[in-house]
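Trainee: Sharing a structure below in structure tokens format, with a few things to ask.
The values are calculated or read from the model by the stated rules, or taken from the named source; none is laboratory data. In this text, all values refer to a predicted model and were calculated from it rather than measured experimentally. In this analysis, Cβ positions are derived from the backbone assuming ideal geometry, glycine residues included, and neighbour counts consider all displayed protein chains. The protein model used for the area step is the full one, side chains on, heavy atoms only, and it has no ligands, DNA or RNA in it. Shrake-Rupley method; radii C 1.70, N 1.55, O 1.52, S 1.80 Å.
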Amino acid sequence: MTAPAPSIWWQGIRPDPAALNRLGADCMQGFLGIEVIEVTDHALIGRMPVDARTHQPWGRLHGGASVVLAETLGSLGASHTLDRQHFTAVGMEINANHVRPVHDGWVIATAHPETRGRTTQIWSIRISDEQGRLV
């Protein structure tokens with residue numbers, strides 16, 4: 001039997017979702033209603049409302065809002081896998097594919113690292129609608 005992989009979080013301490021939400025309350029994360037709803041040993045899960053704040057003019061989820069959700073979770077995740085007393089995680093590149101429109105409700109994003117190297121991390125963020133369909 002294979003032992004489970006160790007937690008990705010700095011010193012094995014999972015970030016507190018409430019603390020992450022307070023951290024982003026007065027910036028883009030809070031303005032768009034992005035919330036971290038769960039932290040597992042290997043991923044960060046968040047959600048964002050699909051409403052007037054996140055719509056494009058035609059009433060669909062704005063692709064840029066999806067990118068903000070992805071960037072928020074990727075940055076929060078990456079920064080909590082390292083010693084923040086000595087290092088800072090910042091985004092270098094982001095790529096998005098928009099698969100399905102969403103008009104209302106919530107989108108849920110799961111962020112997990114593909115690689116965590118000495119100086120670079122790569123995170124994948126999958127965004128789904130409330131029915132679990134890839135957005």
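Trainee: Looking at (1) over 11 Å from the mean Cα position of the chain (by Cα); (2) open to solvent by 30 Å² or more (accessible area, probe 1.4 Å); (3) among the small types (Gly, Ala, Ser), find the lone condition where Ser79 falls short.
Mentor: Here Ser79 meets the rest and fails (2).
Quick grid of which residues meet (1) without any contact (Cβ under 8 Å) to a residue 40 or more places away in the chain; (2) closer than 17 Å to Pro15 by Cα; (3) among the hydroxyl-bearing types (Ser, Thr, Tyr):
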{"position": "Gly30", "(1), (2), (3)": "yes, no, no"}
{"position": "Asp51", "(1), (2), (3)": "no, no, no"}
{"position": "Ser79", "(1), (2), (3)": "yes, yes, yes"}
{"position": "Thr88", "(1), (2), (3)": "yes, yes, yes"}
{"position": "Gly132", "(1), (2), (3)": "yes, no, no"}
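Trainee: Of the residues Gly91, Gly24, which is at pLDDT below 95 and under 13 Å from the mean Cα position of the chain (by Cα)?
Mentor: Gly91
Trainee: All but one of (1) more than 17 Å from Gly24 (Cα to Cα); (2) in contact with a Pro (Cβ under 7 Å, 6 or more places away or on another chain) hold for His80, so report the exception by its number.
Mentor: (1)
Trainee: Next question. Restricting attention to segment 109-128, report how many residues are under 23 Å from Ala5 (Cβ atoms), out of contact with any Asp or Glu (no Cβ under 7 Å at 6 or more places or on another chain) and either aliphatic (A, V, I, L, M) or not in a strand (DSSP E or B) (or both).
Mentor: Number satisfying all stated conditions: 7.
Trainee: Being open to solvent by less than 100 Å² (accessible area, probe 1.4 Å), among the small types (Gly, Ala, Ser), closer than 14 Å to Ile45 by Cβ and in contact with a helix residue (DSSP H, G or I) (Cβ under 7 Å, 6 or more places away or on another chain), is that true of even one residue in segment 108-122?
Mentor: Looking for residues that are open to solvent by less than 100 Å² (accessible area, probe 1.4 Å), among the small types (Gly, Ala, Ser), closer than 14 Å to Ile45 by Cβ and in contact with a helix residue (DSSP H, G or I) (Cβ under 7 Å, 6 or more places away or on another chain), one finds at least one in segment 108-122, hence yes.
Trainee: With respect to Val68, is the statement that it is farther than 30 Å from Pro4 by Cα, assigned to a loop (DSSP other than H, G, I, E, B), open to solvent by less than 50 Å² (accessible area, probe 1.4 Å) and not small (Gly, Ala, Ser) true?
Mentor: No; evaluated as a whole, the condition is false for this residue.
Trainee: Please state which one of Arg47, Arg53 is part of a loop (DSSP other than H, G, I, E, B) and more than 27 Å from Arg118 (Cβ to Cβ).
Mentor: On inspection, the qualifying residue turns out to be Arg53.
Trainee: Only one of (1) outside any loop (DSSP other than H, G, I, E, B); (2) farther than 24 Å from Pro57 by Cα; (3) open to solvent by less than 60 Å² (accessible area, probe 1.4 Å) fails for Gly91. Which number is that?
Mentor: (1)
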